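The values are calculated or read from the model by the stated rules, or taken from the named source; none is laboratory data. Computed from a predicted structure; not experimentally measured. Note that we place each Cβ from the backbone using ideal geometry, even for glycine, and neighbour counts take in every protein chain shown.
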Amino acid sequence: MARLAPGISDVFVRDHPQVAELLAEWPQERIRQELDAVLELWEVLDLTTAIDWLWYPRLRTSAGRAVFVDMMIELNPLLLARHPDQVRPVLIHEAAHLVVQRLHGPQNPHGRVWKHYMKVAGESTKATHNLDVSGLRRKKVRRRRRRSSLSKLVKALQRRK
């Protein structure tokens, strides 16, 4: 299974043709350039090798997320294929989380420091998106709760009284 971009296989693209258009508009080099440009703007070029990114098809309704432990930005290919104009803002939004965490330690995720970085980048300080996520939510599966052996024993003892 060949990889067309970080996190994306040719099989995934075959099953989701709209993602192929996204990858054509947003090739790996363009995303890296945008990421490096904002890190330069924030004067943290030393983080260009620390922060990485990938397309993460398991995201459902989140446009992206920052993984602090790995200094990784995960982008939702299905949602962003519907809204390719949002790739840059989402990339910057998640990069700001990583930069704030690395330079300032634990902070309010969308607090004053994060907002400062977003303003410097010329992006919205809004914490959530209002993109169409129809068809991307997971279906809720109802599961029957099984009783543990202990709860069965307690019920049996209660019946004997």
Checked pairs for the stretch 125-150, first within 25 Å of Pro89 (Cβ to Cβ), second of a type in the set (Phe, Trp, Tyr) and at pLDDT 75 or above, C-beta under 9 Å and 6 or more apart or across chains, list as Thr125/Trp114; Ala127/Trp114
Per the list (1) exposed (fewer than 14 other Cβ atoms within 10 Å of the Cβ); (2) at pLDDT 75 or above; (3) in a loop (DSSP other than H, G, I, E, B), residue check on Arg143 breaks on (2)
Is one or more of the residues making up the stretch 98-112 under 14 Å from the mean Cα position of the chain (by Cα), surrounded by 16 or more Cβ atoms within 10 Å (Cβ to Cβ), at pLDDT 95 or above and under 30 Å from Leu41 (Cα atoms)?
yes
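Please determine whether any residue of the stretch 82-91 is among the basic types (Lys, Arg) and touching a residue at least 60 places away in the same chain (Cβ under 8 Å). Don't jump to the end; show me each part of the working.
Of the stretch 82-91, the ones among the basic types (Lys, Arg) are 82, 88.
Next cut, touching a residue at least 60 places away in the same chain (Cβ under 8 Å) only: 82.
Scanning the stretch 82-91 turns up at least one residue that is among the basic types (Lys, Arg) and touching a residue at least 60 places away in the same chain (Cβ under 8 Å).
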Test Ile31 against the criterion of being touching a helix residue (DSSP H, G or I) at 6+ places or on another chain (Cβ under 8 Å) and modelled with pLDDT under 95, and give yes or no.
no
Looking at the stretch 101-117 only, could you name the residues that are more than 23 Å from Thr49 (Cβ to Cβ) and in a helix (DSSP H, G or I)?
Arg112, Lys115, His116
